[in-house]
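Reading through the structure tokens given below for one structure.
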Amino acid sequence: MPYRAKSLLVGILGIAVCTLPSLSGNAARCRGGTERTIFGQWGVVPAADSKLGAASLRAELISSANTRYTRVLIEQGAASGKAWTLVIRDGKQRVLQTLGPEDFSRRGEILTHRLATNHLIFELTSEDGKFPDLLLRQQIIMPHTVDGLPYYSRKVEGVDDWKALYDPTISFDQRKLGDNVAFLMVGLNEGSQPGTCSGLALPPDLLLTNWHCGPKFNGAGAQLPDAFWGQSICDRTLVDLSWDDDETSREYTCVKVLAKSQDLDYALLRIRPIDSSSAIAPIPLSLKTDDTAVSMVHHPAAAKKVISQNCQIRDPALPSWTKLVPSATFTHRCDSEGGSSGAPMFNTQGELVGLHHLGFEIDEASGSCDNKNKAIWFRYIYDDLKQKAAEGEAAADAKLTGQDLRSVDRLIRH
């Protein structure tokens with residue numbers, strides 16, 4: 001279940017947003033239907049505040065007081081000189097980040113660090129009087145809190161059967177399960193509110209999450225399933241491995257969608273670190289489908305990492321989402337919430353065995369709530385990746401390559 005936003009008034013940006021249509025596959029119609037919540041904003045910076053160059057050496061952006069972090073996407077246009085510096089300050093004029101010609105020489109646009117302020121000041125200076133043309137193209141707002149009614153895919157309504165991952169009562173081995181768990185902020189359209197999901201980072205540069213976390217809609221609000229996780233969605237996705245109460249930044253952007261499946265509700269993405277040192281550690285994967293208990297690390301309601309521990313598997317062999325693959329789905333007793341979609345399911349040996357993808361739904365036969373959380377066995381995702389890689393070897397425009405599959409294969413405990 002992706003946790004989606006409804007609206008946010010973003011300080012002086014004055015960006016108007018609208019409510020996102022719901023996915024028909026979204027679970028949680030048992031409790032309140034399609035409630036949404038305020039989370040954040042992926043906003044286009046107004047033209048009056050967006051351009052820096054010889055004619056305008058200073059810009060200032062102020063967002064909502066509820067802002068936890070701000071990021072700005074900066075694009076370089078015409079280059080001029082090699083002795084200029086862009087200084088980014090907070091409202092107290094403390095330096096947060098500096099950028100120069102060498103930073104933009106590697107690529108034409110840069111996403112700033114995750115800056116813990118709602119007030120940013122941009123100052124362009126030069127030693128030789130020559131200035132580039134810089135465009136503050138987008139501002140990404142990450143708030144402190146979310147609002148709105150939750151989905152309640154839980155055993156006991158109003159009671160969270162999970163703990164903060166770094167709670168003192170959580171063992172070291174259990175905490176390590178969350179090392180590669182990612183918070184996804186998916187900007188569905190430029191200038192609109194993002195949805196949030198969970199995911200799992202795999203070395204050297206891969207991310208596994210749900211297919212339904214990257215939706216595409218037409219102008220009338222209807223879904224376009226074939227366009228889910230299109231390149232434009234990838235381009236506006238941030239992946240954060242440190243969405244916690246820490247000072248660390250382990251963040252990535254989406255580069256390419258390598259493989260996806262609506263039926264198995266997965267997407268495999270190639271990701272790139274915002275900071276070049278952000279390597280991804282290995283994590284064990286399993287093709288077993290006979291486990292009886294699992295734990296899930298996830299970001300419910302866009303919160304910091306939590307763990308749902310030792311949850312029983314109820315139905316081990318149900319059909320896939322659109323019923324094309326028998327036995328691909330299992331149901332589990334881990335509580336989930338909006339934002340838990342794409343969360344990894346680990347067995348008692350700490351191996352990835354599944355990907356959570358749906359919460360409670362109305363049972364078609366009885367018309368009542370099924371009270372079941374659902375996940376896809378990783379084995380069936382892996383089999384689908386193998387097939388796509390084999391087909392891709394003969395295609396000139398292959399996205400998923402044999403090398404990508406071998407990267408996954410090395411992690412599997414056969």
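What follows draws every value from the coordinates through simple rules; no lab data is involved. Remember, predicted model here, so these are calculated numbers, not experimental data. No Cβ is skipped: glycine too gets one built from the backbone with ideal geometry, and neighbour counts run over all protein chains shown.
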task = Of the options S105, L411, G91, report the single residue whose Cα projects farthest towards the positive end of the charge dipole of the chain (beta-carbon charges: Lys, Arg +1; Asp, Glu -1).
result = G91
query = For the chain, with only Lys/Arg (+1) and Asp/Glu (-1) charged at the beta-carbon, what is the dipole magnitude about the Cα centre, in debye rounded to 20?
reply = 120
ask   = To the nearest 20 debye, what charge dipole does region 202-287 have about its Cα centre, counting +1 at the Cβ of each Lys and Arg and -1 at the Cβ of each Asp and Glu?
value = 480
query = Taking only Cα atoms, what is the 0 to 90° angle, nearest 10, from helix 378-393's long axis to the longest principal axis of the chain?
reply = 60
Restraint check, K288/K386; K260/K399; K288/K323, Cα-Cα greater than 18 Å = K288/K323
query = For the chain, what is the calculated [θ] at 222 nm in deg cm²/dmol (nearest 500), taking -39500 (n - 2.57) for each run of four or more DSSP H residues and dividing by its residue count?
reply = -2500 deg cm²/dmol
request  = With Cα extents along the principal axes in Å defined as stated, name the option among (1) 69, 48, 47; (2) 59, 51, 48; (3) 62, 52, 40 computed from the structure displayed.
outcome  = (1)
task = In debye, nearest 20, what is the charge dipole magnitude of region 87-127 about its Cα centre with +1 on Lys and Arg Cβ and -1 on Asp and Glu Cβ, if you could check?
result = 220
key: Karplus-derived 3J(HN,Hα), 6.51/-1.76/1.60, for each residue of region 66-76, Hz, glycine and proline x   = 7, 5, 8, 9, 10, 10, 10, 8, 10, 10, 8
task = Considering only A343, A47, A267, give the residue with the highest GNM mean-square fluctuation for the chain, with springs between Cα atoms whenever their separation is below 10 Å.
result = A47
inquiry  = Once you order the gyration tensor axes a ≥ b ≥ c over the Cα atoms, which shape class does region 221-335 get: rounded for a/c under 1.5, otherwise prolate or oblate by comparing a/b with b/c?
reply    = oblate
note = In the chain, taking the dipole from +1 charges on Lys and Arg beta carbons and -1 charges on Asp and Glu beta carbons about the Cα centre, the listed residue (F172, A302, P319) farthest towards the positive end is A302
query = How many lysine pairs in region 73-176, separated by 8 or more positions in sequence or lying on different chains, have Cα atoms less than 30 Å apart?
reply = 6
task = Pick out, from V159, A116, F131, the residue whose Cα sits farthest towards the positive end of the charge dipole of the chain, with +1 on the Cβ of Lys and Arg and -1 on the Cβ of Asp and Glu.
result = F131
remark   = Any GluC sites (Glu not before Pro) in region 328-414 that lie in a DSSP loop and have at most 14 other Cβ atoms within 10 Å would be E364
